[in-house]
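Here is the structure we will look at.
The values are calculated or read from the model by the stated rules, or taken from the named source; none is laboratory data. Remember, it's a predicted structure, so these values are computed and weren't measured experimentally. Positions of Cβ are generated from backbone atoms using ideal geometry, with glycine treated the same way; all protein chains shown enter the neighbour counts.
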């Protein structure tokens, strides 16, 4: 995901402590202690990149009505947990040899951390419309409004999200998703690198890479696979099992002989899978949620030179010369067929050229400059030496 690429890249200029989201009490009830606590410890990946997950479960996402004794107990536990969490983080930062902290927040629900670590600079990075509601375009919530106002730097991943929230803080910048360009190009150069599980599938291979989730139009994929039984449809990525509304469609796709699910694939292996596609697809539903997304997979597809067919999403319009758009089933079929028929080396080279200008290396360099400038301004504002 974008934060993995960016923070690992920033570790070349800064020491980074990645703090994983907490485990919640209801997770223990639903999944058991061993399942949810797996891997939650302090891991030193390098001298400059540390990862930490709090073992003690948090309580502030409990779905209880905070009334009576039960509510009082949850609130009391929440305060204890937060103090323990901050105490633990301060100890880790000291172990890392840091005498200054830049607090980098990715979700408004973690705004309660502001000021707890004595940070010299506050960064808020938006990579989603966090209501996640496809049915309604929610107004900016008070907790996010305050976080945006209090931040020394605000980073937003898409033009449409910038149009909605970019006016609040004067130091707000757009930083779209990128691609590990070198890794994807290396996969192209390895002629025999197709994953074994895909080699026997018939062509053309129509591929999707990413989470299989409720924001995808899986009914459309069923219609496409039904209409073109000789095409192979490849779904690379894990299924969001907690999205109950897609279970029936997923099961239907699993039962189709020309649809292949790979499940989770290691990030290092993804380029090999993408390279095996003949056409890459982004079959999103056009909703109030997808209005704000900037698909991470876009530049990954383009870096391999693949023709791409997508739902006409707001933030993809600028790529209309590289991405083909379709809405109805018949439009999707005709567009995919046209992509297969008209694809050539020149068009592939144009796609690769655009991807090369959108590498994570370039994104990290731009972000590092933003943070450095925001930090200097913040220190002047707070009179920090």
Any strands (runs of 3 or more DSSP E) falling wholly within the stretch 187-278 and containing at least 1 residues that are in the same structural domain as residue 308 (by TED's automatic domain parsing) and on the phi > 0 side of the Ramachandran plot: 259-263
Residue pairs meeting the criteria (Cβ under 8 Å; at least 6 apart or on separate chains; first free of Cβ contacts under 8 Å to residues at least 40 places away in the same chain, in the stretch 347-369; second crowded, with 16+ Cβ neighbours inside 10 Å): 350/322
Hits in the stretch 279-291 (condition: touching a helix residue (DSSP H, G or I) at 6+ places or on another chain (Cβ under 6 Å) and part of a loop (DSSP other than H, G, I, E, B)): 283
Residue among 202, 193, 232 that alone is touching a residue at least 60 places away in the same chain (Cβ under 8 Å), farther than 30 Å from residue 130 by Cα and either surrounded by 12 or more Cβ atoms within 10 Å (Cβ to Cβ) or in contact with a strand residue (DSSP E or B) (Cβ under 9 Å, 6 or more places away or on another chain) (or both): 193
Top-ranked residue in the stretch 150-186 [being in a strand (DSSP E or B) and touching a residue at least 40 places away in the same chain (Cβ under 8 Å); ranked as surrounded by the most Cβ atoms within 10 Å (Cβ to Cβ)]: 179
Residue tally, condition more than 18 Å from residue 158 (Cα to Cα) and surrounded by fewer than 21 Cβ atoms within 10 Å (Cβ to Cβ), over the stretch 277-308: 3
Residue selected from the stretch 4-34 under the condition in contact with a strand residue (DSSP E or B) (Cβ under 8 Å, 6 or more places away or on another chain), at pLDDT below 90 and not in a strand (DSSP E or B), by the criterion surrounded by the fewest Cβ atoms within 10 Å (Cβ to Cβ): 20
Residues of the stretch 357-375 classified as part of a helix (DSSP H, G or I), surrounded by fewer than 18 Cβ atoms within 10 Å (Cβ to Cβ) and out of contact with any strand residue (DSSP E or B) (no Cβ under 9 Å at 6 or more places or on another chain), total: 6
Qualifying residue in the stretch 262-276 (condition: surrounded by 15 or more Cβ atoms within 10 Å (Cβ to Cβ) and under 19 Å from residue 223 (Cβ atoms)): no
